[in-house]
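*Asks:* My structure is below; once you've seen it, I'll send some questions.
The values are calculated or read from the model by the stated rules, or taken from the named source; none is laboratory data. Please read these numbers as outputs of a predicted model, since none were measured by experiment. Here the Cβ positions follow ideal geometry from the backbone for every residue, glycine too, while neighbour counts run over all protein chains shown.
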Amino acid sequence: MKYLLKLIQEDSQKQVDFGRAALKILEFKRNVGLQEKKEVWEFLRKHGDMEKKHREFVAEIRSLTKTARMKYIFEQIWAEERKPRAILETLLAKRFEKDAA
């Protein structure tokens, strides 16, 4: 139980960190160069590969799970895993959109 509570606390801190990072990204004034854009999209590709492996792992565990409660827990884990990716993609779109103006 202590471990679970520690993870929840770390997750709460992660949300605060996401907010701070979002503000910094959106306030950044300098245009993003082509090389920086390439590096970001390469990072996203690598992260996508990691997400795929994690999704396959969670799906495998879910398939081995017999109880509805445990299946629900693994579904929630995966739902939470997708949120940072969505936040990142939104921020990148806004950041690059700002460069076009």
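*Asks:* If you scan segment 25-49, which residues turn out to be surrounded by 10 or more Cβ atoms within 10 Å (Cβ to Cβ), in a loop (DSSP other than H, G, I, E, B) and without any contact (Cβ under 8 Å) to a residue 12 or more places away in the chain?
*Replies:* Residue satisfying the conditions is G33 alone.
*Asks:* Taking segment 53-86 only, how many residues are surrounded by 13 or more Cβ atoms within 10 Å (Cβ to Cβ), closer than 17 Å to A21 by Cα and either charged (D, E, K, R) or modelled with pLDDT of 80 or more (or both)?
*Replies:* So the answer is 1.
*Asks:* Does A22 count as modelled with pLDDT of 80 or more and either touching a strand residue (DSSP E or B) at 6+ places or on another chain (Cβ under 6 Å) or part of a helix (DSSP H, G or I) (or both)?
*Replies:* no
*Asks:* Further, regarding this structure: Please enumerate the residues belonging to segment 42-98 that are basic (K, R) and touching a Phe, Trp or Tyr at 6+ places or on another chain (Cβ under 6 Å).
*Replies:* Keep residues of segment 42-98 that are basic (K, R), which gives 45-46, 52-53, 55, 62, 66, 69, 71, 82-83, 85, 94-95, 98.
Matches in segment 42-98: R62 only.
*Asks:* Same structure, new question: Criterion first (among the small types (G, A, S) and over 20 Å from I87 (Cα atoms)) does A22 satisfy it?
*Replies:* On the way: among the small types (G, A, S): yes; over 20 Å from I87 (Cα atoms): no.
Considered against the rule, which asks whether it is among the small types (G, A, S) and over 20 Å from I87 (Cα atoms), A22 comes out as no.
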